[in-house]
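Let me begin by presenting the structure, written as structure tokens, before commenting on it.
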Amino acid sequence: MKKGVRKAVIAGNWKMNKTVGETARLISEIKPLAEGAGCDVMVCVPFTDIFAALEAARGSGIKVSAQNCHWAESGAFTGEISAEMLADIGVEWTLIGHSERRQYFGETNITVQKRVRAALNAGLSVILCIGETLDEREQGITSEICALQLKIALGGVSAEEIKRIIIAYEPVWAIGTGKTATAAQAEEVCAEIRALLAKLYNTETAEASVIQYGGSMNASNADELLDKENVDGGLIGGASLKAADFGVIIKSASR
Ligand code: PEP
């Protein structure tokens, strides 16, 4: 299966941005840009914006995702939201393992694995984020780090379940820094991820899997990144907060 057969997914990670009113406005601006696009379009919004996002996106095909979920079904976890709670309000997707969760909130490979399991059990689909730090890249261990993160996160995930997982390769040094990986760097790691999926599952599963690049993707560099054989879309932070920029990226992925 070649790139052209996989449908690219352009997902905006809004991080801790946008009020309810701003959510409705931004989605109404994205709607015409997503209409008839040759890629899937998703917005990963703060918990407080989910209802407004679902309402604003209704009938448009724009998918709404959470940015995290807890691994327990319920219980004494003050401040947390479970996968069941998300499924209960009609959310179908969640990010898991974003580097900002790993960096600021003590997320580990093991907690990522537990959250992936919980999300799948609740019927959610997942964008699973992996990626190396600058230090790890400079030490020449990017492949090993990404393989380790991926293998642990997918521990216990069946070939059937992985159809509900998108993998986002996000080099930590490129997130929110304005430093983008070159298209060649992005392609190299995304190809390695696909090869690892073939080993862990099988070739068919690997070829069908959507692997995104994320890290300062924007209207100027999207064409080059998304042209690569193994880059099937993008997870976009900063540039997803303005409809015009996000629209250019959607166009790039639709070519
Ligand atoms: C992200 O939040 O996943 C991300 C890639 O952010 P940015 O595009 O701002 O680097």
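Some values worked out for this structure:
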quantity: Whole-Å distance, taken between Cα centres, linking the range 214-251 and the range 117-165; calculated: 21 Å
quantity: Cα-based equivalent ellipsoid of the range 62-214: semi-axis lengths in Å, sorted from largest, via gyration tensor; calculated: 25, 18, 14
quantity: Distance cut-off 26 Å, percentage of C-alpha pairs in the range 1-128 lying past it; calculated: 23 percent
quantity: Qualifying trypsin sites (Lys or Arg not before Pro) for the range 156-190 [loop in DSSP, other Cβ within 10 Å: at most 15]; calculated: 179
quantity: Protection proxy ranking, peptides 24-30, 111-117, average beta carbon neighbours within 10 Å, highest first; calculated: 111-117, 24-30
quantity: Relative contact order of the chain, defined on C-alpha pairs under 8 angstrom at six or more residues apart (%); calculated: 23 percent
quantity: From the C-alpha gyration tensor of the chain, square roots of 5λ in Å; calculated: 24, 23, 17
quantity: Rounded to the nearest 10 Å², the accessible area of residue 77 at probe 1.4 Å; calculated: 90 Å²
quantity: Per-q log10 I(q)/I(0), the range 131-255, q = 0.14, 0.23 Å⁻¹ (Debye; single scatterer per alpha-carbon; no solvent); calculated: -0.59, -1.34
quantity: Residue (of 116, 225, 254) at the positive-pole extreme of the chain, dipole from beta-carbon charges; calculated: 254
quantity: Violating pairs (Cα-Cα greater than 20 angstrom) within the set 114/179; 18/63; 114/163; calculated: 114/179
quantity: Of 243, 53, 76, farthest towards positive along the dipole that unit charges on Lys, Arg, Asp, Glu beta carbons give the range 9-254; calculated: 76
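The values are calculated or read from the model by the stated rules, or taken from the named source; none is laboratory data. Remember, it's a predicted structure, so these values are computed and weren't measured experimentally. Using ideal geometry, Cβ is built from the backbone for each residue, glycine included, and neighbour counts are taken over all protein chains shown. Surface accessibility is based on the protein's heavy atoms, side chains included, excluding ligands, DNA and RNA. Shrake-Rupley method; radii C 1.70, N 1.55, O 1.52, S 1.80 Å.
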